[in-house]
1. Mind sorting A:Arg98, B:Arg80 by how few other Cβ atoms lie within 10 Å of their own Cβ, fewest first?
2. Loop-only check: which trypsin sites (Lys or Arg not before Pro) in the range A:145-212 are DSSP coil with at most 16 other Cβ within 10 angstrom?
3. How high is the relative contact order of the range B:41-138, in percent, counting Cα pairs under 8 Å that sit 6 or more residues apart?
4. Amide H of A:Arg46: which non-local residues (sequence gap of 5 or more, or other chain) have their own amide H closer than 5 Å, using H built in the peptide plane?
5. For chain A, what is the calculated [θ] at 222 nm in deg cm²/dmol (nearest 500), taking -39500 (n - 2.57) for each run of four or more DSSP H residues and dividing by its residue count?
6. Dividing the convex hull volume of the alpha carbon atoms of the range B:92-138 by its residue count, what do you get in Å³ per residue?
7. For the range B:51-110, take every pair of Cα atoms, bin their distances at 5 Å starting from 0, and report each bin as a whole percent.
8. Using a Gaussian network model of chain A with C-alpha springs under 10 Å, which one of A:Leu96, A:Leu203, A:Leu49 is most mobile by mean-square fluctuation?
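Rule-based calculations on the coordinates, nothing more; no lab input. Every value quoted in this text rests on a predicted model; they were computed, and no experiment measured them. Using ideal geometry, Cβ is built from the backbone for each residue, glycine included, and neighbour counts are taken over all protein chains shown.
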Amino acid sequence: MSVHHGRRKFLWEAAALAGVVLAPGITLYDLAQGRAPEAAAPGTVRWGLLVDMNRCATGCDACVTACDKENGLSGGKAVTDAQWIRKIDRRDARGLVRSLPMMCQHCAEPPCVDVCPTGASFKRADGIVLVDKHTCIGCRYCVMACPYGARSFVHEPVTNQKPDVPRGKGCVESCTLCVHRIDRDRIPACVEACATEGHNALLFGDLNDPRSEISQRIAAVTATQVRADLNLDTAVRYQGL
Amino acid sequence: MTDGSRDRCLRQIALFAIALFVAAATLAAPEAARAPTRVPLPAIEAATGERCVEDTAFMRRNHMELLLHQRDRTVHEGIRTIRHSLANCVTCHAGKKTGRVTGDGGFCASCHSYAGVALDCFECHADKPGAAVAEAKR
């Protein structure tokens, strides 16, 4: 009896550790969600974005301003200003103009990581491509290597940084998918702002989880990667491109 | 003068010299400690909060090691524990008047300028407390 009790207790503890398994493949809550502060970003997750261009409004830049505010960017559009998201108008062969946000595509095979001479450019276990600014020497190889023009170099001294988003002169930076928010179980600022505007053109989620909303939408609709020919396996997908 | 009286006299002079030296040393010692140095001593303002995350003596020697390890864990692995984070230091040690750890009399800046050690953290990091640590502690 006591042996059985001990085994049952062990099984329950194991289940609690594994995220309360109800049946194989069904969990009460995802391990990726509700991650403890002392737990590392899990390699089982791959964070991604789906941009629905049918919903993305021309002239709306709520995602851009939300990004600037969240990360303490100046919001300037000069060539020397850091821009983590840009709104772009794309004209197709028939002359139809569509608007889309363009930012770091968080590639599975990131060229910026390949060319970085110091290892400052890196991909986190959960697929987010980041710059370790402690190691960045500002050589800007990654700026050249990125096919999406997603990286910015900080040319001027920065003051009044956000405590969660350290930024400084001489480093390269780009969209972090709001990594400081993801680590606290919040969605990126651009996604939140798009929903607040009522457009809901941005969907954030785990590409590795077949039950996540983003995976199910990508399975159901034609979700395209920009420059899919480069085989970079981007985490930002576009619907209606 | 006899040999005996000369000896006594010498002994008295020697004793007087020793007494004078000891007295001078005793008087001069506190003066030396209080003497103005070329570099003003760091003004360390008392921090808010009950106690530091580690012993004060340990922190004086090793705070940079803690910050170095924490920074790599946070940037590369996404581990955002607050105990040894720079944001946590800033939250308690920001000056009551200035609200910062840098600048004149700032907790970090005053000691680093006294020791002549470059303080690079705040080229990029915020030197004022943010909301995240306060929220996490709540």
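1. Ranked by crowding around the Cβ, least crowded first: A:Arg98, B:Arg80.
2. In loop regions of the range A:145-212 (DSSP not H, G, I, E or B), the sparsely surrounded trypsin sites (Lys or Arg not before Pro) are A:Lys169, A:Arg184, A:Arg186, A:Arg211.
3. 31 percent
4. Under 5 Å from the amide H of A:Arg46: A:Leu207, A:Asn208, A:Asp209.
5. -6000 deg cm²/dmol
6. 79 Å³
7. 4, 18, 24, 24, 19, 9, 2, 0
8. A:Leu96
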